[in-house]
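The values are calculated or read from the model by the stated rules, or taken from the named source; none is laboratory data. Everything quoted here is computed from the prediction, not taken from an experiment. Don't worry about glycine lacking a Cβ; one is built from the backbone with ideal geometry, like all the others, and counts go over all protein chains shown.
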Amino acid sequence: MAQESPGGGEKTEKPTPKKLADAAKKGDILQSRELSTALVVMAGVGWLAVAGPALIGAIRQMLAEGLRFDRADIAGFEPDDRATHLLGTIALPLGGVLFATLVAAIAAPALLGSLGFRPQAFQPKPEKMNPLNGIKRIFGLQGLIELVKSLAKILLLGSIGFYLLWTHTDAIRAMAKTGVEPASSALGSIFILVALALAGSLFLIAGIDVPAQMLQRTRRLNMTKQEVKEEHKQSDGSPELKAAIRRRQYETLHGSVRKAVEEASVILTNPTHFAVALRYRPGRDLAPVVLARGADEIAAAIRELAHDKGVPVLQYPELTRAIYFTSRAGREIDERLFMAVATVLAFVFRIENRMASEMDRPHIDLPDAMRFDSDGKNIMN
C-alpha cells in the first residue's frame, strides 16, 4: 500500500539521488545493527581463534610475575612501574582484539555506503525529544518488528548454542579426568567453535536485516509525483530562472563579443547548445571569419544579442557544430566548409534584399570529416 505525504498525494516514486543525499546529511542513513554486531563478533572471535594461545600465554605470564616477588621488590616497591610492566605483557594480544573489532565496526557502515561524519545528525531534534513520539515508536509497528527480531535472534542463537554444547557433552565430562592445562585447552577449543558458529548465525540474521532496512528506508523516503517535479524544477531551474541567467550572461558578455555579434553577417545555431557568429565582407575578408562562438548559456546570450541587434539567426545544427569544433574566434573557417558557408551567406544576402524567403532555405551538405556530435566526436567514425 502506497504511503501518503502530509501534504497529500501518494508516495509512489522512488527517492531521487538528491533526496537520498539530503537525508544522509541529516543523519538518515542506511544502517544495520545486526550487520555491525555480526562483523564485530566475528572479528573478535576470529582474532581469539588465531591469537588465543598467545593471549593465554601472556595472561599466564602476567599472573606468574604478579604473584612472584623477592626482597628487592619489597624494599623498592613502585606500584606504577609494576602495573605498567604487568599490563604491557598483555597489551599486544589484547590490543589486537580491540583493533580487530574497531576495524569491523568501521567496516559495517562502509559496506552500506554510510561511512562519514555528518554534523547535522548531532543537531537536536525536538520531535525525537517528545515523550509521546518515543512511546509511539516503542509500541508502534517498528517497535513490534524490533521485538519479533529480538525474540527470533534469541531463539536462533540459543538453539545453535544448546545444540553445539549438547554434542560436546561427553568431551566436557571427560575434562574432569584430565589435568588443568589439557582441560583448559579443550574448553578453549569448544568455546571458539561455539563462538564462531554463533557469529556465523549473526550473519544469517544480518542477511535478512540489511535488505529489510534498505526497503524501510526507501519507503520512508519515497516521494510524490509533485515532489519529484518540484525537485527537478529546482535542480534544472525554472523558466524564469533560466531567463534570468541568460539575461545576466547577456549583460556580462565581454565587450569584444558584443562588438563581434554586432559586426556579424549571420549567426548560426545548433539551435540550443551552440552558436557561432560569422562575418564576410567582400573586399575586406578573403574568407568567412568566425567572430565569436559559444556553448549553452553563452550561445543563448549570443542569440539574444543577435535578435536585439537585428542580425540574421539561422538554424544549421551540423554546420554550426562543424564550425564550433574546427575554428577559433578571429580566424577564418576551415576551408572544407567554404562551400557550405558560402551557400548560407548567399541565402542571407537574398533574404536581406527580399529576393528569397524562409521557405527557400537551401540544404547544406558537409564532408564526412566535418560531421560532429554535441561532444565533438566525428559521427562518421
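V257 passes every criterion in (1) part of a helix (DSSP H, G or I); (2) modelled with pLDDT of 80 or more apart from (2).
Step by step: first the residues of region 13-22, then only those that are surrounded by 16 or more Cβ atoms within 10 Å (Cβ to Cβ) and either free of Cβ contacts under 8 Å to residues at least 40 places away in the same chain or out of contact with any Lys or Arg (no Cβ under 8 Å at 6 or more places or on another chain) (or both), then the one that is nearest to S114 (Cα to Cα). Which residue is that?
Of all residues in region 13-22, those surrounded by 16 or more Cβ atoms within 10 Å (Cβ to Cβ) come to 13, 15-16, 19-20.
Now narrow it down to the ones that are either free of Cβ contacts under 8 Å to residues at least 40 places away in the same chain or out of contact with any Lys or Arg (no Cβ under 8 Å at 6 or more places or on another chain) (or both): 15-16, 19-20.
Working: P15: 17, T16: 17, K19: 15, L20: 11 Å.
Looking at the filtered set, the residue picked out is L20.
For G376, the criteria (1) assigned to a helix (DSSP H, G or I); (2) closer than 16 Å to G294 by Cβ; (3) not hydrophobic (A, V, I, L, M, F, W, C) hold in every case but one, which is (1).
Among the residues of region 151-178, which ones are of a type in the set (A, V, I, L, M), within 14 Å of L202 (Cβ to Cβ) and in contact with a Leu (Cβ under 9 Å, 6 or more places away or on another chain)? Full working, then the answer.
Applying the first criterion (of a type in the set (A, V, I, L, M)) to region 151-178 yields 151-152, 154-157, 160, 164-165, 171-172, 174-176.
With within 14 Å of L202 (Cβ to Cβ) added as a condition, the list becomes 152, 154-157, 160.
Matches in region 151-178: L156, L157, I160.
For region 302-332, taking the residues that are surrounded by fewer than 22 Cβ atoms within 10 Å (Cβ to Cβ) and among the hydrophobic types (A, V, I, L, M, F, W, C), the one that is farthest from A287 (Cα to Cα) is identified as A306.
Test I302 against the stated conditions and say whether it is farther than 27 Å from M359 by Cβ and assigned to a helix (DSSP H, G or I). No; evaluated as a whole, the condition is false for this residue. Scanning region 180-223 for residues that are closer than 30 Å to E10 by Cβ and acidic (D, E) gives a single hit, D209.
Can you tell me which residue among A369, A346 is modelled with pLDDT of 85 or more, farther than 24 Å from E262 by Cβ, in a helix (DSSP H, G or I) and not acidic (D, E)?
Working: A346 fails: farther than 24 Å from E262 by Cβ.
Only one candidate passes the filter, namely A369.
The residues listed here are L221, L268; of these, the one that is under 30 Å from V289 (Cα atoms), buried (at least 16 other Cβ atoms within 10 Å of the Cβ) and at pLDDT 65 or above is L268.
Among the helices (runs of 4 or more DSSP H) confined to region 108-194, there are none with at least 3 residues that are farther than 20 Å from L48 by Cβ, in contact with a strand residue (DSSP E or B) (Cβ under 8 Å, 6 or more places away or on another chain) and modelled with pLDDT under 75. Mind checking which residues of region 63-88 are at pLDDT 70 or above and β-branched (V, I, T)? T84 - this is the single residue of region 63-88 that is at pLDDT 70 or above and β-branched (V, I, T). Please verify whether region 306-314 includes one or more residues that are at pLDDT 85 or above and either outside the structural domain of V257 (by TED's automatic domain parsing) or more than 25 Å from R258 (Cβ to Cβ) (or both). The answer is no, given that none of the residues of region 306-314 is at pLDDT 85 or above and either outside the structural domain of V257 (by TED's automatic domain parsing) or more than 25 Å from R258 (Cβ to Cβ) (or both). Of the residues contained in region 333-343, one or more are found to be among the hydroxyl-bearing types (S, T, Y), surrounded by 14 or more Cβ atoms within 10 Å (Cβ to Cβ), in contact with a Pro (Cβ under 8 Å, 6 or more places away or on another chain) and more than 19 Å from V257 (Cβ to Cβ).
Looking across region 6-62, the residues that are in a helix (DSSP H, G or I), β-branched (V, I, T) and at pLDDT 80 or above come down to T37, V40, V41, V45, V50.
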